[in-house]
1. How many residues are closer than 11 Å to Pro31 by Cβ and assigned to a loop (DSSP other than H, G, I, E, B) when one looks only at region 204-227?
2. Taking Phe128 as meeting all but one of (1) crowded, with 20+ Cβ neighbours inside 10 Å; (2) more than 29 Å from Arg208 (Cα to Cα), write down the number of the exception.
3. Cβ-Cβ under 7 Å, sequence separation 6+ or interchain: first residue in region 176-201 and acidic (Asp, Glu), partner open to solvent by 20 Å² or more (accessible area, probe 1.4 Å) and modelled with pLDDT of 95 or more. Which pairs?
4. I'm trying to understand the selection: among the residues of region 203-213, which are more than 16 Å from the chain's Cα centre (by Cα) and either open to solvent by less than 60 Å² (accessible area, probe 1.4 Å) or closer than 14 Å to Asn150 by Cα (or both)?
5. From Pro31, Pro60, Pro16, which residue is within 28 Å of His232 (Cα to Cα) and at pLDDT below 95?
6. Can you confirm whether Leu226 is among the hydrophobic types (A, V, I, L, M, F, W, C), over 17 Å from the mean Cα position of the chain (by Cα) and closer than 28 Å to Val120 by Cβ?
7. If a residue must be in contact (Cβ under 8 Å) with a residue 40 or more places away in the chain, part of a loop (DSSP other than H, G, I, E, B), farther than 21 Å from Trp134 by Cα and not hydroxyl-bearing (Ser, Thr, Tyr), how many such residues does region 29-68 contain?
8. Residues of region 89-130 being in contact with a strand residue (DSSP E or B) (Cβ under 8 Å, 6 or more places away or on another chain) and assigned to a helix (DSSP H, G or I), which ones?
Amino acid sequence: MATELAPASAGAAFEPAAEAPLGVLGGTFDPIHTGHLRLAEEAREALGLGGVRLIPAGQPPHRGEPGSTAEDRLAMARLAAAGNPSFSVDDGEVRAPQKSYTVLTLERLRAELGPQRPLVLILGADAFAGLPTWHRWTDLFALAHIAVANRPGYAPHGRRWPATLSPELDAACAGRHTADPAELRHTPAGRVVPFDMTPLAISASLIRDLVRNGHSARYLLPESVLDYIAAHHLYR
């Protein structure tokens, strides 16, 4: 189990990382859509990320069986990421035999990228609030920074964070919060930073329902992904 990093003190001096922080955005991606892609792009820009790695879950532990196979979801993620040099797609969770726990993925990325590369786990406000239900959740702070996106229906965290967090999550975040994304370059993990994103009320469940009922889902997801769904008769 990873050792928890102590929160960085305000006066501590760090050398900025040689490489820009790498964003990590996981999800079931059933299917991947414009909301996911816009979240990745706005996080990249707002936080000064060197890129964003999209990681489709193979066996999501917190929900039922996805509507499409892991291989289909991986293929759709690759189609969606094509053409954006800042995006890459990681098949590690799809290939893994166990459930897709974020802490295991971050440990794998740490082994791959080394101990000094800043990693930034990108979460929506709802997922962040539910962090204490995740497997070995306190170890996440030792492995990556956490960036919390203000999604539709959630007030900006600058006005509500940390007052609305559960006591255990509030305690775990003590001393970690920063409003300055530049701090993410100064240490490989351990900070929590909020950022705003454009409200897009798009969900994978909405898209699946539209396809299932014979309605158009155009402009809610990339055309290449929509074509893949039609060609493989998904969600029908």
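The values are calculated or read from the model by the stated rules, or taken from the named source; none is laboratory data. As the structure is a computational prediction, the values presented were derived from the model and not from experiment. Note: ideal-geometry Cβ built from the backbone for every residue, glycine included; neighbour counts use all protein chains shown. Accessible surface areas use protein heavy atoms only, side chains included; no ligands, DNA or RNA. Shrake-Rupley method; radii C 1.70, N 1.55, O 1.52, S 1.80 Å.
1. 4
2. So Phe128 meets the others, but not (2).
3. Filtered contacts from region 176-201: Glu183/Arg191.
4. Taking region 203-213 and keeping what is more than 16 Å from the chain's Cα centre (by Cα), we get 205-213.
Ser205, Ile207, Arg208, Leu210, Val211, listed by residue number.
5. Working: Pro31 fails: at pLDDT below 95; Pro16 fails: within 28 Å of His232 (Cα to Cα).
Of Pro31, Pro60, Pro16, the one residue that is within 28 Å of His232 (Cα to Cα) and at pLDDT below 95 is Pro60.
6. Working: among the hydrophobic types (A, V, I, L, M, F, W, C): yes; over 17 Å from the mean Cα position of the chain (by Cα): yes; closer than 28 Å to Val120 by Cβ: no.
No, not satisfied.
7. 6
8. Our first condition is that a residue be in contact with a strand residue (DSSP E or B) (Cβ under 8 Å, 6 or more places away or on another chain); within region 89-130, this holds for 89-94, 100, 102, 105-106, 109-110, 113, 117-125, 128.
Those that are in contact with a strand residue (DSSP E or B) (Cβ under 8 Å, 6 or more places away or on another chain) and assigned to a helix (DSSP H, G or I): Gly92, Glu93, Val94, Thr102, Thr105, Leu106, Leu109, Arg110, Leu113, Ala125, Phe128.
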